[in-house]
Structures are given as structure tokens and as C-alpha cells.
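A short reminder: the numbers here are calculations on the coordinates, not readings from a lab. Not measured: the values here are computed from a predicted model. Glycine also receives a Cβ, built like all others from the backbone with ideal geometry; neighbour counts cover every protein chain displayed.
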Amino acid sequence: MEKQSTSGSLLPSDLISEILFRLPAKSVGRFRCVSKLWLSITTDPSFIKSFGTTRPSLLLCSIKGHNMFVSHQSLIRSSSSSQPFHLHPMEVPGKHCYFSCMDSVHGLICINGVKSKVPLVWNPTMGKLLALPKPKMSSRHADVFLGYDSIVGKHKVVCLPHRKTCYVCRVFTLGSGQESWRTVRTNFKHRVEAVASGQCIKGMIYYLACNRQGYGTVVMSFDVRSEIFHMIELPSSIHWDVLMTYEGKIACIDEDNDKRLWSLEDATDKHKWSFQDFLSPVYKFFELQGFTHAGEFIYVPFKFYKSSYIKFYDPVRNSCRSLNFEGIVDGQSVKAFPNHIESLMPL
């Protein structure tokens, strides 16, 4: 009979870790109660940091009153498919909440409370919702962006007043043990409009803003680790509400040509942009909400348009496919989170 290891398991801990790493997050969460060893492995920060990064999926979400509706969809291509929405077993505090205009960030999603003015951080995998302390701001309303530092494995929430010239912002570090907002100052005077679009790529939060003159649109960057701001000039007029991630780079649609996609090739001091023109079909009453990791365009119907389909367009194959979703009440808006990963991070 094979002798057990000192950990009480017939398998070495590194092999157990590799097996658990390949399982769905919900299974890993349940298996934490198997033994102290399994609990230790699955709650280790390095395990949590790397988990789920190889299995991106499309997450479709909708908020109706106090209820959350969620649907997971594989990103494997198919000509046509159907996917139901399910009522998520969680109540959203307050009837007036909306998703922050950015993708999920290493498995977490930001939600803004309109009336409560309290930012919420949601982990769809673990089914946990964290209400942050209300930040003290000079403005009645604020925009919230979520960032992630892959080196230390920490998320940060950045809160900026909108429709006022920004001199300072508030920063909240998740899992730091310090349940409070910190003040970070910037020399770049800019103004964030209501429901500004943002993205987080490789430890940098990018968001759209107006420059200090108040009439030119710029992209602001915030280094999650160093907490330093930079201002990036745009090469052309762009759609105010469209800032996306395309092939690992910040991208935006030209306001005068909705088939032209601008990408930030160099995010350093050079701020080099390039553009591509696509034969992307224009779907009436649909809005572009992002791209899959394979480069497909994702079109989601506007709230007022009674459609139960999401459209995908592949510019390389010049082909389209549709995803039919069920279980959503007419008039409910749907938010797409491309390339969402599962996260074991506790909140």
C-alpha cells in the first residue's frame, strides 16, 4: 500500500493544486471544506490570482429592480445558439443601480448606485456583492472605475466626481484591510462626464474625459500600482460612450465613420494610434459593446428595442452569428462583459 504524504493525502500538494486549478470555480469553492490542505491551496493568493485566466467566457447581465439576471455563454463559435437568463440568487440594494461602463476586471464587476451613491463590487462567480463605504466627494455624483494590479494581485476602485474639474480622486484598495478611501491628487485638470466609459488593461485604467478647456475629448490613464495619471490625446473625434479593449489594446470608434476602429498602439509618451476600417454591418437599434478575445464584434440591443438577440460579427471571416437569450422582460437593458473570467476572490 502506498504511503501517505505528511499532508495526509496520497497525492502531492502541487498535483492537487493543478487538478483544482482545472475545475470550475463553484466546484473549487465547495471543495474547500474537504480538508485543511485543500482550503489552504484554494485560498492561497497565488492560486486565486491565476485561477480562471485561461477560460474566458461571455457574461450577459441585466438588473431589474432589486433582481439580477445572469447568463454565461461560451465563446466557442457556432452559427446560431440559444442561452437562457437565470435569476441570480442575490438582491441588488436599491432599485436604481447600473453597471459601470467598463468590462469585468479579473473576474470582478463594478456597479453604481444612483440614489445611494455607494459603489458596489460584484463577484458573479462567488455570488458576492460588496458595498463600499460612501466616498466623500465635492460632487453629488461620481463615476467609478475598477482596476487590477497583476503583480501584487490587488483590485483598486477609483472614484472621480463628474461634471466638475478633477483635481483629486478617491481610491479604495480591495482586500487591504483598510476599509476607507484615500485621496490621490493629479496635475491634469480634466472633467469626467456622466457614465463615462473606461477599461483596465495591464494594470492601467483608461477612461474618457474632457480636457481642462472643456471641449476636447481625451483619454485619461491611471496606473493602478503607482497611482499616477496621464493624459492621452485622441487622433480623431470618437463616440463618447465607446471605449473598448481590442486585441489587448484600448480602442474606440470614429464618430464620423462608425466602421473605423482606432487602437492605441503605444501607451507610453509617444501615444501612437492606428486605425482599421472594417466592413462591419450596421445593426439598427443595436450598440457595439466590445469584442471577444477572438476579435468578434459584440452588438447588444438598445433598451427600448424589443429584441432577444445578440449579434456577433467576425471581420476576418466576414460572417455573422446570433445568440438568442431568453428570460428577460421587454425593455430590460442587457450589459455584455466579453472575456469574463471566474474569480475565487472573497469579498
Completion exercise
Partner aspartates and glutamates whose C-alpha sits under 13 Å from that of LYS134, ignoring same-chain residues fewer than 8 away, are ASP143, GLU179
Exercise for the section: Enumerate lysine pairs in the stretch 156-302 that are 8 or more residues apart or on different chains, then count those whose Cα atoms are under 16 Å apart. Expected result: 6
Fill in the blank from the handout: In whole percents, the bins of 10 Å from zero upward hold the Cα-Cα pairs of the stretch 15-56 as 29, 64, 7
Practice task
For a quick protection proxy, order the peptides 177-188, 21-32 by their average other-Cβ count within 10 Å, most packed first.
Solution key: 21-32, 177-188
Practice task
Give me the net charge of GLY153's neighbourhood, meaning all other residues with Cβ under 13 Å from the Cβ of GLY153; Lys, Arg count +1, Asp, Glu -1.
Solution key: +2
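Could you give the length gained on full extension between ASN211 and PHE285, defined as 0.36 nm per residue of separation minus the Cα-Cα distance, in nm?
On the way: separation 74, 0.36 × 74 = 26.64 nm, distance 3.08 nm.
Here the answer is 23.6 nm.
Take the alpha carbon gyration tensor of the stretch 105-236, find the square roots of its eigenvalues, order them as a ≥ b ≥ c, and report rounded if a/c is under 1.5; if not, report prolate when a/b exceeds b/c, else oblate.
Taking the square roots of the gyration eigenvalues as a ≥ b ≥ c, the stretch 105-236 is prolate.
Please give me the summed charge of the neighbours of ILE201: other residues whose Cβ is under 10 Å from its Cβ, Lys and Arg +1, Asp and Glu -1. Kindly include the intermediate steps, with their values, before the conclusion.
On the way: positive: LYS202, LYS249; negative: ASP103.
Within the 10 Å Cβ shell, the charges total +1.
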Practice task
For the stretch 40-51, just list the computed ³J(HN,Hα) in residue order, Karplus coefficients 6.51, -1.76 and 1.60, θ = phi - 60°, integers in Hz, with x standing in for Gly and Pro.
Solution key: 5, 5, 7, 9, 5, x, 5, 5, 4, 4, 8, 5
Completion exercise
Label model pair LYS136, SER226: point-to-point distance (7 angstrom along the Cα→beta-carbon line) in nm is 3.0 nm
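For SER40 and SER176 in the same chain, what is the full-extension length gain: residue separation times 0.36 nm, less their Cα-Cα distance, in nm? List each step's numbers first, then the result.
Numbers: separation 136, 0.36 × 136 = 48.96 nm, distance 1.95 nm.
Gain on extension, SER40 to SER176, equals 47.0 nm.
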